[in-house]
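Quick notes on the structure that follows.
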Amino acid sequence: MAPPQGDHVVRFPDDTAAAMAGFEDGTTNDDADRNRCLSFVRRQYRRVFLWCALGAVVLAFVLVAALVVDPPDDYYVAVSGGGAAPLFNLTVGIRNPSMVTLACVKNEAAAAVYYGGAWVGGATVPAFCPEKRGEREVTVPVWGAAMDARRRGEVQSRGAEVDVVVRVPYVSVDRYGQYYDLRLACRGVKVGEDRSLCTTEEAEHYSF
């Protein structure tokens, strides 16, 4: 049988031609779709990772700034005359300006009042804790030593200066397993007048 005369071109549909082109370069439509999908997923993962990294950096910066610039706590006391008994009424308070850390009297504390360098009374301060960026205080009776009426009147007179020491036990523990007390030293507190700020000192350590 004689071959057909003239130019005879066989044309394939577009999708068939694309598929054959894919076979020629070693890929298929499924491979191309898969590659596009993987590329999209990688871009999304990269974007999420960058946002997470940025968020972690910002959070770390805020925490470090809060800890470094964290303002100190204010401990204060006020003393008022108590009459025949008790000797005084003692107010102990804490103002916590921090929005990160707490400042507390975590355990029952012992307070001592001195007049002219001599112990004149003591009190037990219950545990209490202000909220972050908050303030709280407690008032307790101070029971005094035996003294005559003249001495009592002198100690309780308005404007008389007394020293108050509050010892808060077991504030924290260090890496050696030793606890330490917090000592609040409040000097020159005037009876019946405004509250006085205290300085904080670390007392001796205890091992358990």
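The values are calculated or read from the model by the stated rules, or taken from the named source; none is laboratory data. What you see is a predicted model, and the numbers here were worked out from it, not measured in a lab. Here Cβ is always computed from backbone atoms with ideal geometry, including for glycine, and neighbour counts include all displayed protein chains. Note: areas computed on protein heavy atoms with side chains; ligands, DNA, RNA excluded. Shrake-Rupley method; radii C 1.70, N 1.55, O 1.52, S 1.80 Å.
May I ask you to list the residues in segment 121-141 that are in contact with a Lys or Arg (Cβ under 9 Å, 6 or more places away or on another chain) and part of a strand (DSSP E or B)?
Selection gives Phe128, Gly134, Glu135, Arg136, Glu137.
Please name all residue pairs, on different chains or six or more residues apart, with Cβ atoms under 8 Å, provided the first residue is in segment 130-152 and is open to solvent by 70 Å² or more (accessible area, probe 1.4 Å) and the second residue is among the basic types (Lys, Arg).
What qualifies is Glu135/Arg95.
If the requirement is being open to solvent by less than 20 Å² (accessible area, probe 1.4 Å), at pLDDT below 90 and not basic (Lys, Arg), which of these qualifies: Val105, Val100, Val113?
The conditions single out Val105.
Among the residues of segment 85-128, write down those that are under 15 Å from Arg151 (Cβ atoms) and touching a residue at least 60 places away in the same chain (Cβ under 8 Å).
Scanning segment 85-128 gives Leu87, Phe88.
Val189 - would you say it is modelled with pLDDT of 95 or more, closer than 16 Å to Gly93 by Cα, out of contact with any Gly (no Cβ under 9 Å at 6 or more places or on another chain) and open to solvent by less than 40 Å² (accessible area, probe 1.4 Å)?
yes
Given the criteria of a type in the set (Asp, Glu), modelled with pLDDT under 75, open to solvent by 80 Å² or more (accessible area, probe 1.4 Å) and farther than 19 Å from Phe128 by Cα, does Asp30 qualify?
Here the answer is yes, as Asp30 does meet what is asked.
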